[in-house]
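Undergrad: My questions all concern the structure below.
Bear in mind these aren't lab numbers, they're just calculated from the coordinates by the rules spelled out. The model shown is predicted, which means the values in this text are computed figures rather than measured ones. When we count neighbours, we look across all protein chains shown, and the Cβ atoms used for this are built from the backbone with ideal geometry, even at glycine.
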Amino acid sequence: MSRLLRVLSVAICLAIPLAVVAQESPFFPAETYDKLVNEISGDIAYDKYHAPTAGAEDFMKEADWVAARAKSYGLEEVKFIPLPAWRPDPKAVDQNWTLKSGELWLVAPKTIKLGDVRETPVSVADNSPSADITAELVDVGEGIAESDYAGKDVAGKIVLSYGRVSKVKEKACWNHGAVGIVSYYSTRVSPWTDYPDQIAWSQVGHPKEGEKPVPPVFVVSPRTGLMLSRWMAGRAPTHIFAEEAEAASARPTLKVHLKIQSELTQPARSGMVEGLIRGTTYHDQAIVLTAHLQEEKTSANDDRSGCASLLEIARALEAMIADGRLPCPKRDIRFWWTDEMLAEYVYFSEHPEEREHILADVNQDMVGARQSLGGRVQHVTRTPWSRWCFLNDVVESIVTSLVLGNNAYLSSWQNHNPAPFSRPILAHLGSREPYHAVVVPFFDSSDHAVFDDSAVGIPGVTFTNWPDEYIHSSDDDLWQIDRTQLQRNAVAVAATALYLANLSEADVPTLTAVMAGEARERISHDLATGLSRLAQAPAADRRAAYDDALNLLEQAVARETAGLESLRRFADPGTLKLLESLIADLKLTELNHRKRVEEWYQSLGGTKAPAALSERETPLAAKVPRNVGTTGEYLRAKVRVEGPKTLHELMQWEALNYVDGKRSLLDIYRIVRAESLSTGEWYYGRVTPEDIQALFTAAEKEKAVEITTRTP
């Protein structure tokens, strides 16, 4: 049998996506699985939490600590890469803020210590200036509306509020003369009932040139905030105030002493730690593994879990390479401990040539959660459509295999597999909970998003658990970290890194076959989505639904074609023929599916009419945007763009990713609309021609793009 025929037979056999049905991933062979599971330890990863506290000054201490550990594990070329701070806003003051100390005391009518950053490090809002103030406390409720201040004199006083600090700052301090804020604001869904003792991380806003100075802000728990509010209202307080309440007036005056010591350094500093497992063959196709260092002290899951996991992966891989259990990979594996997103923005701005030397990024942000607390799930993203490639199917296959091996199934038990899990990964001191992990469409909010930006152009995915009612608060501490989940996620990331670092011509046929099967399933999903919308559309909207269904198919095939095309750099001549055959087959699939849509449309009473631009689409067809400026200039301009609030911020970001100087605004609109419809408008929101027009008007204003006009 010829090589091409053998490859084609593999593709046919794997037409049913392996990632869905197989407990063993073709990208994670049993031998490698056993080696990684036996060496990577959730317990050792857990031990790596014993690092210095974080913060602007302590970020450098933590970076030094991580670098020392990385060196001790054998990583090569370990270094701290100093970088200037990322300041897209030209009016932002170029400075770092470091908290030294902070206390809040009630001093009248009774002396009570209300908070201390030595006990709860998030008690002072970021960027609060030094202060030593004793003043009356005035309750302004939420404190973000003018009505909250009616009949209240807050000038020279400290306000108690539960509104967003940045808004309270403007109303209470800048408009009405308050000198400080005691906040019990929280991002939690129901902080007053579900998390009454949680202190949420907050920031008062980065200082800007020409603005009034930011006030000092001390943060207390909802329980403490409500207690103080009730006391000032003359209501019965908790038992600790009972004696004073009887002796006090109906509405006693409360005085507090707010003391904060912070330090500002200029210019602002940032950076990241880098270490390396040097590959044997390729040094311009690195796999980068990322996690971020800069979070506050109580940041056990976000993101000390990722940093600890990254160290454990480095230790385990180096140990196995050193004693011969694993061969040295063909490609470099680079480890980055970063200042979340900001470091990568600056790094690629200053070193745009590095974009050509990196193959993929796998990020870890919140990978240690005990999942039984708050129903948390380990979400693993795919790349956005604009960066679609082989990385998606590799990661999904590996993660799915681990999920199937670490959840309980009745039929599996009846098949004489061990209970509760058939391929358990369990840390010695961790839980025996199942592995709730799911691969989901792209979201941003962590380091991988910078790689996926069109200005950088490197596919990236992230492991990020959600929901998390402990993130950015005093509750994000070690008590809710699970060593077992640390180990599982580290195994998944290490397996992905090893597969990509060793990917060779011989591996491409199997990878191609899996991708081809998954591509057919995803295209079928988009066909079903289009047909369903068509069936449910009222008669007046049926033609629009028909156009959406056809556009979904067109964009789905373009997406999957891009995925297969991403394999060209690894393929030998025989596999290149296979790729071209499969891509041609996708085009035939699109034609067949279009016929089904047309038949369905006609069966519903629709009449086939010549394709024509709608009045809403016509203005977009003639406009062609292109990016302007250097990599750094474009990235800074892009993050300043304020598109319409009716367009999901991820769809704004993705629309800008499709700018190439060739696509019109209409082309971009159709791609992004299809991405939203395929995933679900509940996830990405609705995309309209008007929103795309407004977005690019804003982008042109910020000099992120320039738009030329052509004949449609």
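Undergrad: Dipole magnitude of the chain about its Cα centre, charges +1 at Lys/Arg Cβ and -1 at Asp/Glu Cβ only, in debye to the nearest 20?
TA: It comes to approximately 920 debye.
Undergrad: Something else now. Rounded, prolate or oblate: which fits the range 298-353, taking a ≥ b ≥ c as square roots of the Cα gyration tensor eigenvalues, rounded meaning a/c under 1.5, else prolate when a/b beats b/c?
TA: Because a/c hits 1.5 or more and a/b fails to exceed b/c, the range 298-353 counts as oblate.
Undergrad: Between the range 390-466 and the range 472-491, how far is it from one alpha carbon centroid to the other, in angstrom?
TA: Centre-to-centre distance over Cα atoms comes out at 15 Å.
Undergrad: Further, regarding this structure: Along the principal axes of its C-alpha atoms, what lengths does the range 278-399 span, in descending order and rounded to whole Å?
TA: Rounded to whole Å, the extents work out to 45, 39, 30 Å.
Undergrad: Just to check I understand the Karplus step: with θ = phi - 60° and J = 6.51 cos²θ - 1.76 cosθ + 1.60, what whole-Hz values come out for the range 333-342, glycine and proline as x?
TA: Listing the rounded values in order: 10, 9, 10, 10, 9, 10, 8, 2, 6, 4 Hz.
Undergrad: Give the Cα extents of the range 97-265 along the principal axes, in whole Å, largest first.
TA: 49, 35, 33
Undergrad: Please compute the volume of the convex hull spanned by the alpha-carbon atoms of the range 362-411 and report it per residue in Å³. Spell out each step's value before the answer.
TA: Working: hull volume 5.9 nm³, N = 50.
Hull volume over Cα atoms, normalised by residue count, gives 117 Å³.
Undergrad: Taking the simple approach of a point 7 Å from Cα along Cα-to-Cβ for both E211 and E136, what is their distance in nm?
TA: Going from the E211 label point to the E136 one covers 2.9 nm.
Undergrad: If each DSSP helix of 4+ residues adds -39,500 (n - 2.57) and the sum is divided by the residues in the chain, what number results at 222 nm, nearest 500 deg cm²/dmol?
TA: -12500 deg cm²/dmol
Undergrad: Over the range 618-709, what is the relative contact order in whole percent, taking alpha-carbon pairs under 8 Å and six or more residues apart?
TA: Once normalised by length, the contact order is 49 percent.
Undergrad: Straight-line reach from K167: which lysines have Cα under 21 Å away, leaving out those fewer than 8 places along the same chain?
TA: K91, K152, K157, K208, K212, K645
Undergrad: Moving on. Within a 10 angstrom radius of the beta carbon, how do C389, C328, C307 rank from fewest other beta carbons to most?
TA: With the sparsest Cβ surroundings first, the list reads C328, C389, C307.
Undergrad: Using modelled backbone amide H atoms (1.01 Å from N, in-plane), which distant-in-sequence or interchain residues come within less than 5 Å of K255's amide H?
TA: Correct list: V107, A108, L137.
Undergrad: On to the next question. In whole Hz, what ³J(HN,Hα) sequence does the range 524-529 give by Karplus (6.51, -1.76, 1.60; θ = phi - 60°), x for Gly and Pro?
TA: Taking θ as phi minus 60°, the curve returns 4, 4, 5, 4, 4, 4 Hz for the range 524-529.
Undergrad: Let me ask something else. So who's got an amide H within less than 5 Å of the one on K208, skipping anything under 5 residues away but keeping other chains? H placed 1.01 Å off N, in plane.
TA: Amide H neighbours of K208: V93.
Undergrad: I would also like to ask the following. How far is it, in nm, from the label point at W174 to the one at T98 when both lie 7 Å from their Cα along the line to the Cβ?
TA: 2.9 nm
Undergrad: Cβ neighbours within 10 Å, averaged per peptide: list 417-427, 695-705 in order, most packed at the top.
TA: 695-705, 417-427
Undergrad: Now a separate question. Please give the length that would be gained between H428 and S190 if that part of the chain were fully extended, namely 0.36 nm times their separation in residues minus their C-alpha to C-alpha distance (nm, one decimal). Intermediate values should be presented prior to the final figure.
TA: Working: separation 238, 0.36 × 238 = 85.68 nm, distance 3.52 nm.
Value of the extension gain: 82.2 nm.
Undergrad: List the relative contact order of the chain as a percent without decimals, with contacts defined as Cα pairs under 8 Å and 6+ residues apart.
TA: Computed value for the chain: 16 percent relative contact order.
Undergrad: A follow-up question, please. Which of S130, S473 has the fewest other C-beta atoms within 10 Å, and how do the rest follow up to the most?
TA: Details: S130 15, S473 27.
Result, fewest neighbours first: S130, S473.
Undergrad: Would you mind calculating the gained length between Q602 and E649 on full extension (0.36 nm times residue separation, minus the Cα-Cα distance), in nm to one decimal? Don't skip to the end; give the middle numbers.
TA: Details: separation 47, 0.36 × 47 = 16.92 nm, distance 3.65 nm.
Full extension from Q602 to E649 adds 13.3 nm.
Undergrad: Using alpha carbons only, how many degrees (0 to 90, rounded to 10) separate the axis of helix 689-701 from the longest principal axis of the chain?
TA: 70 degrees
Undergrad: I'd like to know which of S221, G460, G517 lies farthest towards the positive end of the charge dipole of the chain, counting +1 on Cβ of Lys and Arg and -1 on Cβ of Asp and Glu.
TA: The one lying farthest along the dipole's positive direction is G517.
Undergrad: So what is the diffusion coefficient of the chain in µm² per second by Stokes-Einstein at 4 °C and 1.567 mPa s, using a Kirkwood Rh over Cα pairs?
TA: Translational D for this selection: 46 µm²/s.
Undergrad: Based on other C-beta atoms within 10 Å, arrange W105, W385 from fewest to most.
TA: Ranking W105, W385 by Cβ neighbours within 10 Å, fewest first, gives W105, W385.
Undergrad: Hey, if you put +1 on the Cβ of every Lys and Arg and -1 on every Asp and Glu Cβ in the chain, which of L613, C328, G680 ends up farthest toward the positive end of that dipole?
TA: L613
Undergrad: Assuming 0.36 nm per residue, please report the length gained on full extension of the stretch A584 to E690 beyond their Cα-Cα distance. Write out the running numbers ahead of the final one.
TA: Numbers: separation 106, 0.36 × 106 = 38.16 nm, distance 3.47 nm.
34.7 nm is the gain from fully extending A584 to E690.
Undergrad: Whole Å is fine, so just give me how far the alpha carbon centre of the range 99-147 lies from that of the range 265-295.
TA: The range 99-147 and the range 265-295 have Cα centres separated by 38 Å.
Undergrad: Taking θ = phi - 60°, what integer Hz values does the Karplus form 6.51 cos²θ - 1.76 cosθ + 1.60 yield along the range 487-499, in sequence order, with x for Gly and Pro?
TA: 5, 4, 5, 5, 4, 4, 5, 4, 4, 4, 4, 5, 4
Undergrad: Given labels modelled 7 Å from the Cα in the Cβ direction, how far is it in nm from R164 to K255?
TA: Computed distance between label sites R164 and K255 equals 3.6 nm.
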